[in-house]
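Chemist: Have a look at the structure that comes next, please.
The values are calculated or read from the model by the stated rules, or taken from the named source; none is laboratory data. Only a predicted model underlies this, so the values are computations on that prediction, with no experimental measurement involved. Counting neighbours? That spans all protein chains shown, and the Cβs are built from the backbone with ideal geometry, glycine included.
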Amino acid sequence: MRLQVFGGLSGWSDRGELDLGGRRQRGVLALLLLARGSALSPERLADLLWGEAPPPGAQGALQSYVSHLRRAFEPDRDARARAAVLVRERAGYACRLPDEAVDAWRFEQLVRAGTLAASPAEAVPLLEGALALYRGDAYSEWSGSRWADAECARLRELRDVGRERLLGARLDTADPAVLVPELEALTAEEPLREERWRLLALALYRAQRQSDALGALRRARRLLADELGVDPGPALRELEARILAQDAGLDAPVDPAPRPDVPAARQAAASAGRARPAQLAAPEPGDLADRDAELAALRAVVADALAGAGGAVVVEGPAGIGKSRLLVEARRMALAHDALVLSARGSALEREYGFGVVRQLVEPLLLDPPARARLLAGAAAPAAAVFDDTGAGEPRADGSFAALHGLYWLVVTMAAERPLVLAVDDLHWCDAASLRFLAYLARRLEGLPVLLVTTLRTGETGGDPTLVDELTHDPVTLTLSPGPLGPEAVGRLVADRLGGAPSPAFVAACHRTTGGNPLLLRQLVRALEQDGVTPDTAHADTVVAIGSRAVSSIVVMRLGRLPAHVGDTARAVAVLGEGASLPAVASLARLDEQTAADAVADLSRTEILRPEPPLGFVHPLVRDAVYRSIAPGHRVLAHERAARVLDERGEPAERVAAHLLQVPARADAWVVRTLRRAAAIATDRGAAEGAAAYLARALAEPPESEDLRATLLLELGQLETLADAGAAVGHLEQAYALAADPGTRARAAQVLAHTLVFGGERGSASAFARRAAADLPPDLGPASVDAQQALVALDRVGAHMHGLPVGPWPASPAIEGDGAGARMLSVARAWELMIAGADRDEVVALCRAALRDGVLQRTDPGLFWVVAAFLLEMADEDLGEFWDDMLRSAHQRGSLFSAMATHMWRGHSLWHRGDLPEAEQSLRTAIEQIERWGGPPIGTSYGEGFVVAVLLDRGRTAEARAFFDSRDDHPRMGDGERLHVEAEVALLLAEDRPAEALARLERAGIVLTEVRNPVWSPWRSLRARALTSLGRGPEAEQLLAEELAAGREWGSTRAVGRSLRLLGGLRGAAGVEQLREAVTMLEPSPWRLELARARYALALVSSGAESVELLTGALQLATACGADGLAAQAASALAAAGAGAPVQVAGSVRLTTTQRRVATMAAAGADPLQIAASLFLTPHSVETALGDVRAALGVASDAELRLALAT
């Protein structure tokens, strides 16, 4: 199937043109194509199709449109079968098609490929192919719709870039004189695009028209000055200088040789203090025929890694194409230069073995106790659980988060001793925990002398596709795709193995039969050698006869010629998997160890097993052939016996469990115990996916009692709470229903209620928590009371977060005791008081008591203690280093949920305290963590609203709009919905669209007004700003007066100061009293940004020296906060007053919170590794921060840094 969006939306299949329906039905398809595989909710689709007021039957019509499109795309699909193209997910509808199926997607792919092509000669056909697809503007049918216009503009810009890149490539491959007319026309078309002037001038110069080239550059200079009032950019200025100097480098390249696609950043050594090693030696001849380009790329990237630049390489291609051989060559290159090389291979059998690949990589280094102690010290300590098979370590909240951080620092520690290469074969079979770590590491490689090299089989669906894509599509990753061998290379390999000079017909038969696939060729030649075939023309038909068998048939045929016990040994190795021990192989094959060892030697000689350790097959396809030669029923029995053999030999529980996953359920208590033990170990090391698989299999066995089943369901549900809330809710509900033990039942109730708050349907958390609290047995004593209090707290806070009405505070139960439940209920009470704007002192007392001694912080993953800290800040209480301490604690405990929550509310705190760059970074980190780890979408709603507000305060309105529009694709409720509305209104006001802002507030209604306290929801002042812009001043003044009264009742300096500023600003000269009060009130407070705004507002109604002084203070404070928009306003006002901008002094240099911490630690003598470990940063980011600080402060040495920070 092919879909075309350029020049009009249409589609074809092998049956002819597709009927895509009317404009709105086609619009559904267009929107899903625009989403590029991401899901769009029905509500979002309806809004985009019909605008913000869809008709009553919109959802039904939408379902009908999707149904018609599905029939058009898949006419033969059974009605009960799942759709493969237009799919329905929890988040909504998505269109799943390969890039080649949609012309716009293919267009982008070709433009990017042409841009990254190894040589101009390779770029030209790619870019020409891309531009040939552009038959007219995309989505033209919906011209005027914001979504269609934005995408059309984006693709049009990409087309223009492609045209420029194509002409640039043709300049290096064709006669430049021929291109001059085309470039003249292109430049005239869009004369403000400097790249076109650059290409025109370069073409003229290469056509021996130097004066015309300089004339073109002068024309460009005049045009830019007249139209934009700017000078030409660096590229045009540099070209002019080089033309005047007649730089030989401007001449067209002579017969440019193609080179592999190695990013330019990797062609320079890193500045980490390491000298770039000498050029690596060329590979030995042999089975690397036709791999010159790939070897050159590997040499370059290995050299860069050894020099400290860091990098990642993925060698991808079909089975047998030679990926593993290139991986071996990368290892050889690194070893020749004294790098530490660690290797591992993914296994289809052990995909659930948590961190199995990571353990293969690192465990050999940890066998020595002193080395283990050294490598797993400090920030790497959390990684110790990954290598612990006992499950005896301290339980962690979200172990994978702690493990990733610890493993990263383990890599940093190893790389500090020697440059490091991590080589992973068969990434597609890598376990999910290891895949997650490799993707985590790839994003942090910059500045480390570490190279990650992996191989990936195309078309294989074994691994987690999201994680594989994350790694392979990371900007740091270089992808190599070796192709089939050519006839000449095939001839050389045939001659090497069969001897003599093979005839052309024989070689052609070998090439045609194997398609140039190196593995198939080796297996074919091995079979021909065993049969004594002569490589002449007469035996070409023999090649076809033997080669027509698949590789599996060839392997099985060769195995059948060996003695029976050798075949039994091969099958035992295939069942046990990669790295099986000889004793285990012998036991499973029912042989003595000497006989098994002799059989292994025979299998190595016949190129079925590798000759070097660990024990394994020469290629996964060979293992598959042997494994599939075992009858299915016998395979099951073999895995069952393998599990017993490994258990008797004391192998780790997870290795045993890998085989139990392959066998049928038999209600065997030993199986349940083993799987549960394996799950505990996997959980402790942070491999949640593997642990969940073991527990699910244990439940299928089934357990011997309902109590044990309830316990297993609770353990499984707790594992799933972060990654798959839907599955977690189902298992936790079953655990709660089955549990007979009151303690287990109470624990299941609390975990389920908490999960429903963040991942359940609207109102589900409150309804369940209320019911569970009523069902708790009263005879449990204090434990029952505390659990009941926790459930009441979850009921009330959950109702608010879901946007449901919350009734009056109940007379009972009163808050009793000092347990976690009592503290949660205290926070819930404090929250409701704050919402009402009442009794600030009581709120402070309740929250201080809740946070005392850290009980709540240790038991609650990141809801109630976060709310308590937030409330204290809203009450103007000083929390000191609380947020940074909690972030450090979250990393140490491995609680991803706590880290997400801390980053979110730390960012909120920094925003209001006036560190906007740091606030933005923290908020974006929280959103990224939520999305990358599949966290609760309800959390992103808060972060999105905060990010928009921060961007507006930084003066980046266009960026705020782009961010807001890109995030408007998921349902929101409660405070998340309110914050979204407030962000949209603030954005519309910043864009000078007050009427739309007011209309949006009207539509929101009760969503906003239910929060009385302006410290949390300043809806009155947002409405007042819109009314003021529309000339309705009296109404605005009344609202601001109400907000000021509410703020005074609550008593927050920030809320009162803000209301005073807005009210005084509205009143103009009559509002001086309010503005002076705002400045006086805010000066001793931590709310620096609000103080800068108040000073600026007061300056506007003041005069003379006082106005200049206020504007100067506002400018300096706004600059320190990163509020560039306000700073620009203050600077402009100073200029208008004839005062000019103040000279910056050392104390006013803007350093973010992180920069200041980094600088302080460096001044105290800490090195970058120590700083990075302490602040949970990468060493490279520390080096960058230090460089920025030194540049900002104008210092060069640590002594100067200490002095600058002291002053």
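Chemist: Give the residue that is surrounded by the fewest Cβ atoms within 10 Å (Cβ to Cβ), with candidates limited to residues of region 627-644 that are touching a residue at least 40 places away in the same chain (Cβ under 8 Å) and within 21 Å of GLY354 (Cα to Cα).
Modeler: My answer is HIS639.
Chemist: Which members of region 888-908 meet the condition of being in contact (Cβ under 8 Å) with a residue 24 or more places away in the chain, over 20 Å from the mean Cα position of the chain (by Cα) and either more than 28 Å from THR721 (Cβ to Cβ) or surrounded by 19 or more Cβ atoms within 10 Å (Cβ to Cβ) (or both)?
Modeler: Those that are in contact (Cβ under 8 Å) with a residue 24 or more places away in the chain, over 20 Å from the mean Cα position of the chain (by Cα) and either more than 28 Å from THR721 (Cβ to Cβ) or surrounded by 19 or more Cβ atoms within 10 Å (Cβ to Cβ) (or both): ARG893, TRP905, HIS908.
Chemist: Surrounded by fewer than 19 Cβ atoms within 10 Å (Cβ to Cβ) and not β-branched (Val, Ile, Thr): does that describe LEU708?
Modeler: yes
Chemist: Here's something else I'd like to know. Considering region 420-451 alone, what residues qualify as being more than 27 Å from GLY616 (Cβ to Cβ) and more than 18 Å from the chain's Cα centre (by Cα)?
Modeler: Residues satisfying the conditions are GLY447, LEU448, PRO449.
Chemist: Right, next: Considering only region 738-774, state which residues are of a type in the set (Gly, Ala, Ser) and under 17 Å from ARG972 (Cβ atoms).
Modeler: Within region 738-774, GLY759, GLY760, GLY763, SER764, ALA765 qualify.
Chemist: Of everything in region 71-98, what is in contact with an Asp or Glu (Cβ under 8 Å, 6 or more places away or on another chain) and either more than 30 Å from PRO937 (Cβ to Cβ) or surrounded by fewer than 16 Cβ atoms within 10 Å (Cβ to Cβ) (or both)? Give them in sequence order.
Modeler: ALA72, ALA84
Chemist: Sort out which residues of region 1134-1169 are of a type in the set (S, T, N, Q), at pLDDT 70 or above and assigned to a helix (DSSP H, G or I), and write them in order of number.
Modeler: Hits for region 1134-1169 are THR1153, THR1154, GLN1155, THR1160.
Chemist: Just one of the numbered conditions (1) surrounded by 16 or more Cβ atoms within 10 Å (Cβ to Cβ); (2) without any contact (Cβ under 8 Å) to a residue 60 or more places away in the chain; (3) touching a helix residue (DSSP H, G or I) at 6+ places or on another chain (Cβ under 6 Å) is not true of ASP137; which one?
Modeler: The single condition ASP137 does not satisfy is (2).
Chemist: For region 943-1038, which fully contained helices (runs of 4 or more DSSP H) count at least 2 residues that are within 28 Å of PRO917 (Cα to Cα) and modelled with pLDDT of 90 or more?
Modeler: Counting at least 2 such residues, we get 957-967, 975-990, 994-1004, 1019-1029.
Chemist: Could you run through region 1181-1198 and say how many residues are buried (at least 16 other Cβ atoms within 10 Å of the Cβ) and part of a loop (DSSP other than H, G, I, E, B)?
Modeler: 1
Chemist: While we're here: Could you check, for region 45-56, whether at least one of its residues is surrounded by fewer than 16 Cβ atoms within 10 Å (Cβ to Cβ), touching a Phe, Trp or Tyr at 6+ places or on another chain (Cβ under 7 Å) and over 28 Å from GLY726 (Cα atoms)?
Modeler: Scanning region 45-56 turns up no residue that is surrounded by fewer than 16 Cβ atoms within 10 Å (Cβ to Cβ), touching a Phe, Trp or Tyr at 6+ places or on another chain (Cβ under 7 Å) and over 28 Å from GLY726 (Cα atoms).
Chemist: Okay, next question. List the helices (runs of 4 or more DSSP H) inside region 38-129, counting only whole elements, that have at least 3 residues being of a type in the set (S, T, N, Q) and not assigned by TED's automatic domain parsing to the domain that holds VAL476.
Modeler: Once the helices (runs of 4 or more DSSP H) in region 38-129 are filtered for at least 3 residues that are of a type in the set (S, T, N, Q) and not assigned by TED's automatic domain parsing to the domain that holds VAL476, what remains is 58-73.
Chemist: Taking region 806-857 as the search range and keeping residues that are under 28 Å from THR1009 (Cα atoms) and basic (Lys, Arg), which one is nearest to the chain's Cα centre (by Cα)?
Modeler: Among residues in region 806-857 that are under 28 Å from THR1009 (Cα atoms) and basic (Lys, Arg), the one nearest to the chain's Cα centre (by Cα) is ARG829.
Chemist: Can you tell me which residue is surrounded by the fewest Cβ atoms within 10 Å (Cβ to Cβ) among those in region 941-974 that are touching a His at 6+ places or on another chain (Cβ under 7 Å) and closer than 15 Å to PHE758 by Cβ?
Modeler: Only one residue tops the list, namely MET973.
Condition check ((1) modelled with pLDDT of 90 or more; (2) surrounded by fewer than 21 Cβ atoms within 10 Å (Cβ to Cβ); (3) β-branched (Val, Ile, Thr); (4) closer than 30 Å to GLY317 by Cα) across all residues:
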| position | (1), (2), (3), (4) |
| --- | --- |
| PHE617 | no, no, no, yes |
| ALA625 | no, no, no, yes |
| ARG673 | yes, yes, no, no |
| GLY686 | no, no, no, no |
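Chemist: Inside region 533-596, counting only helices (runs of 4 or more DSSP H) that do not spill past its ends, which hold 1 or more residues that are of a type in the set (S, T, N, Q) and more than 44 Å from the chain's Cα centre (by Cα)?
Modeler: It comes to 540-547, 582-589.
Chemist: Go through region 401-425 and report how many residues are among the acidic types (Asp, Glu) and in contact with a helix residue (DSSP H, G or I) (Cβ under 6 Å, 6 or more places away or on another chain).
Modeler: Total satisfying the criteria: 1.
Chemist: List, please: which pairs have Cβ atoms under 8 Å, are six or more places apart or on different chains, and start with a residue in region 465-490 that is within 23 Å of LEU519 (Cβ to Cβ) and in contact (Cβ under 8 Å) with a residue 24 or more places away in the chain and end with one that is part of a loop (DSSP other than H, G, I, E, B) and polar (S, T, N, Q)?
Modeler: PRO484/ASN517; LEU485/ASN517
Chemist: Test each condition in (1) surrounded by fewer than 17 Cβ atoms within 10 Å (Cβ to Cβ); (2) part of a loop (DSSP other than H, G, I, E, B); (3) at pLDDT below 90 for SER1174 and report the one that comes out false.
Modeler: Exception for SER1174: condition (2).
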